[in-house]
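Enquirer: Below is the structure I would like to discuss, written out as structure tokens.
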Amino acid sequence: MYAQGRTTPGHIVTNARAGLSMHNYGLAVDAVPYMSGDGGALNWTPNTPQYQAFVAAMKAQGLIWGGDWVSIPDEDHFQMPGLAVTPTSAMQADYGDGGPAALAAIWTKATPGAYA
Ligand SMILES: [Zn+2]
């Protein structure tokens, strides 16, 4: 994904190199609310009541919202709680080849506090 828009065709979609995003570990998701009644458009505007209701619902599930980050807010980013903001060296070491077994091992450890 990091190469997209840099060395391969397409728009730049991430500033994180491989292994440096919680997305690489299956512990984060980018999501925005769907605007019913508006032709199926997505709402990319965080300061709208609908978007804030969506954020509140995601937070009610315990997810961390990237819009709360001060240095580089990431309003469509949600990730599992109890983790460092970015992958720790322990997570990167456990990542290995990034295959299903490695991810399963990380998810087992990714209970709140395991990689804090
Ligand atoms: Zn994200």
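Enquirer: Look at L27 and say whether it is at pLDDT 80 or above and under 30 Å from A101 (Cα atoms). Give the steps one after another, and end with the answer.
Expert: On the way: at pLDDT 80 or above: yes; under 30 Å from A101 (Cα atoms): yes.
In short, yes.
Enquirer: Quickly run through the range 67-81 and pick out the residues that are in contact with a Pro (Cβ under 7 Å, 6 or more places away or on another chain) and closer than 22 Å to G113 by Cα.
Expert: Correct list: G67, P81.
Enquirer: Right, Q92: assigned to a helix (DSSP H, G or I), more than 19 Å from N15 (Cβ to Cβ) and more than 16 Å from the ligand (Cβ to nearest atom) or not?
Expert: Considered against the rule, which asks whether it is assigned to a helix (DSSP H, G or I), more than 19 Å from N15 (Cβ to Cβ) and more than 16 Å from the ligand (Cβ to nearest atom), Q92 comes out as no.
Enquirer: Does the range 46-75 hold any residues that are surrounded by 12 or more Cβ atoms within 10 Å (Cβ to Cβ) and farther than 21 Å from H23 by Cβ, and which are they?
Expert: Selection gives T48, Q50, Q52.
Enquirer: Here's a follow-up. Is it the case that T108 is exposed (fewer than 15 other Cβ atoms within 10 Å of the Cβ) and more than 17 Å from the chain's Cα centre (by Cα)?
Expert: Answer is yes for this residue.
Enquirer: Suppose we filter G19, G37 for residues that are outside any strand (DSSP E or B), touching a residue at least 24 places away in the same chain (Cβ under 8 Å) and on the phi > 0 side of the Ramachandran plot; which single one remains?
Expert: Unique residue meeting the criteria: G19.
The values are calculated or read from the model by the stated rules, or taken from the named source; none is laboratory data. Everything quoted here is computed from the prediction, not taken from an experiment. Cβ sites come from the backbone with ideal geometry, for glycine too, and all protein chains shown count toward neighbours.
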